[in-house]
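Quick notes on the structure that follows.
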Amino acid sequence: MQMDGTKPSDDFLKLVEKEKRGEITGDDIKRVFYNKYKVKEESNVQSSD
């Protein structure tokens, strides 16, 4: 499957297959990708002051 010339990652496709088999839910997929790409809190960023 491709949209606008972009192909989903292999990790995403594996999660979708697990969802189809009933091993995980759509919310589980969202949680995995949210945690993977979550922006770090400002306290973890060093300032240049």
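The values are calculated or read from the model by the stated rules, or taken from the named source; none is laboratory data. All figures in this text were calculated on a predicted structure; none of them were measured in a lab. Virtual Cβ from ideal backbone geometry, glycine too; neighbours counted across all protein chains shown.
Taken over the stretch 3-15, the criterion of being out of contact with any helix residue (DSSP H, G or I) (no Cβ under 7 Å at 6 or more places or on another chain) and in a helix (DSSP H, G or I) is satisfied by 10, 11, 12, 13, 14.
Residue-level check: of (1) at pLDDT 90 or above; (2) under 15 Å from the mean Cα position of the chain (by Cα), residue 35 misses just (1). Within the stretch 19-40, residues that are polar (S, T, N, Q) reach partners that are surrounded by 10 or more Cβ atoms within 10 Å (Cβ to Cβ) and part of a helix (DSSP H, G or I) with beta carbons closer than 7 Å, at six or more positions or on different chains, in the pairs 25/19.
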